[in-house]
Structures are given as C-alpha cells and as structure tokens.
1. Give me the angle, in degrees from 0 to 90, between the Cα long axis of helix 151-163 and the longest principal axis of the Cα atoms of the chain, rounded to the nearest 10.
2. Under a point-charge model restricted to the Cβ atoms of Lys and Arg (+1) and Asp and Glu (-1), what is the dipole moment magnitude of the chain relative to its Cα centre, in debye to the nearest 20?
3. Label 7 Å along Cα→Cβ of Arg193; the range 75-108 residues with amide nitrogen under 17 Å?
4. Rounded to the nearest Å, what's the spacing between the alpha carbon centres of the range 148-183 and the range 67-88? Just the number, please.
5. Longest segment of the chain with no trypsin sites (Lys or Arg not before Pro) in a DSSP loop having at most 12 other Cβ atoms within 10 Å?
6. Could you tell me which of the pairs Lys67/Lys126; Lys21/Lys239; Lys192/Lys239; Lys21/Lys56; Lys32/Lys216; Lys154/Lys192 are separated by over 24 angstrom between their Cα atoms in the structure shown?
7. Over the chain, with a Gaussian network built from C-alpha contacts below 10 Å, which listed residue (Ile93, Ile159, Ile39) shows the highest mean-square fluctuation?
8. Using 0.36 nm per residue, how much length does the chain from His77 to Ser16 gain when fully extended, once their Cα-Cα distance is taken away?
Amino acid sequence: MSNTDFALAVEDLTVSFDGFKAIDALTLYIDKNELRVIIGPNGAGKTTLLDLICGKTKASAGSIKFKNEELTKLAEHTRVRRGIGRKFQTPSIYENLTVFQNLEVSFPKGRSVLGALFFKCSDEVKARVQVVAEEVGLAEMLAMEAGLLSHGQKQWLEIGMLLMQEPELLMLDEPIAGMSARERELTAELLKRICANRAVIVIEHDMDFVKQIAHKVTVMHQGKILAEGSMEKVQNDPKVIDVYLGH
Ligand code: ADP
C-alpha cells in the first residue's frame with residue numbers, strides 16, 4: 001500500500017515545548033476504516049499527538065496529511081471542515097437542551113442554540129439527527145433533557161454531536177473513563193459501529209477495552225512510537241512490557 005492510500009499520514013512530526021520534544025519525528029499511518037488505539041505511559045505524548053492532528057497545537061516540523069491534503073498549516077476550525085473530529089474527556093453538551101436539540105445545533109449548517117429552541121428544523125436535519133441518534137444508541141431519548149442523561153449517555157451524545165458534522169476521522173481521549181461495565185460494553189459496540197464509516201483513533205489505558213476494540217495498537221513512549229501492531233504482538237513485546245505493561 002502506498003502512503004497515499006491511507007486516510008491519515010503523519011510523517012516526521014515534531015513539536016518542542018521550550019526545547020523539550022514532546023513529539024519526536026513521529027510517523028504514523030491510519031487506514032480509512034481503521035480503529036487505532038494509542039497506549040503508553042503518562043507523558044508519552046499521546047494527547048499532544050491528537051492536539052497536533054486536530055490543530056489545537058501547531059507542529060514544529062513534519063507533516064500531517066488527511067486524504068492526501070496537507071493539514072499542517074490549517075487552522076483548527078478548517079480541519080473540522082476537512083473532516084477531523086475530536087472529543088475531549090469532559091463532555092461539552094448543552095445540559096438544558098434536549099438530546100434532539102443538542103444534535104440539531106451540531107449540524108454544520110445548523111442554527112444557533114437559541115434558534116434550535118424557537119424554530120422547527122428542516123427535514124434534512126431531522127433525518128440526520130435520527131441516523132446519528134441511532135448510531136450512538138440514543139434514538140429513544142431524543143426528547144429528554146441532556147442534563148438528565150447518565151454519564152455514559154452524555155459521552156455518547158457528545159460523540160453524536162461530532163458525528164453530526166460527518167467527520168471522516170474521529171479522535172477520542174479515554175472514552176470509557178468513569179463509565180459502568182454495561183456502558184463500557186455499549187461504548188465498544190458504538191465504536192465498532194462508527195468506524196465502519198470513518199477512521200477512529202482512541203487513547204486508552206484500560207487494556208481489556210483495548211483488546212475488545214483495537215484493529216491495531218500504537219504504543220508511544222517519550223514522543224516516539226515504541227511498538228505497533230496487533231494487541232497480541234505489542235503486549236508480548238519486551239520493550240512495551242518494560243516501559244508500560246509491566247508496571
Ligand atoms: P500523554 O497524553 O501521553 O500523557 P502528553 O501529550 O499530555 O502525554 O504530554 C507529553 C509531554 O509533553 C509531557 O511531558 C508534558 O508535560 C509535555 N507537554 C504537553 N503539552 C505541553 C505544553 N503545552 N507546554 C509544555 N509542555 C507540554
């Protein structure tokens with residue numbers, strides 16, 4: 001496979017903070033319908049890597065290409081329009097709006113929060129809300145006020161809000177933090193469902209969950225890739241056991 005066949009191609013990516021290389025000449029390729037999990041000890045550079053891909057942090061050197069287009073110099077909001085979605089750990093939803101309205105206001109051409117409260121939305125948006133609500137398992141809860149959802153449901157709603165923008169790459173930082181066992185199971189199913197139509201990158205520490213969802217695992221350490229491959233391969237890698245799994 002040539003490098004141009006990948007959805008995301010990160011090459012020689014480097015970022016320094018006061019001379020310290022948090023990401024050090026890192027190269028990573030992600031396939032179109034791949035669910036990649038990034039693991040590694042605290043401080044390895046996992047969050048910084050996602051920050052660089054979504055444009056929250058600017059690279060010092062190297063390149064990030066998405067569907068063959070150079071993203072490296074584009075602003076964060078432009079990258080969203082190019083199909084890059086990023087979810088942070090803390091859900092950012094409108095607690096006083098319904099699940100439906102939260103999804104509606106996330107539609108790219110959607111109205112303001114106030115508009116969602118006072119006007120009827122178009123059939124196009126309604127149809128999209130329905131599809132996304134089913135994708136994230138909230139189709140039965142569209143009329144519920146978002147503030148009344150469980151912790152897990154709020155996380156799924158936020159994933160739904162990102163899906164409204166039709167991302168082709170979705171990045172999630174520890175998506176099961178604070179979830180019950182049942183919510184974890186449902187999140188695994190949800191992630192498997194959504195990567196059928198896009199690439200997904202997940203940062204995760206829970207190895208049982210990683211085993212359940214990952215197509216491929218990337219192990220980071222000190223801003224570089226320490227190992228990459230199937231979970232079975234990386235968990236038996238002496239370097240990985242030494243710096244991460246053995247602790
Ligand atoms: P991880 O997500 O793997 O725990 P991070 O990406 O958060 O690691 O951090 C990698 C390293 O980069 C850490 O040593 C962290 O302190 C440093 N770092 C991250 N962001 C900044 C920043 N904005 N300024 C200075 N140092 C930073």
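Coordinate-derived values only; no laboratory data. Quantities reported herein were computed from a predicted structural model and do not represent experimental measurements. So basically every Cβ, Gly included, is an ideal-geometry build from the backbone, and we count neighbours across all protein chains shown.
1. The angle comes out at about 90 degrees.
2. Result for the chain is approximately 500 debye, rounded to the nearest 20.
3. 99-100, 103-104, by backbone N distance to the label point.
4. The distance from the Cα centre of the range 148-183 to that of the range 67-88 comes to 20 Å.
5. Longest gap between qualifying sites, sites excluded: 121-247.
6. Going by Cα-Cα distance, Lys67/Lys126; Lys192/Lys239 fall outside the 24 Å limit.
7. Largest GNM mean-square fluctuation: Ile93.
8. 19.7 nm
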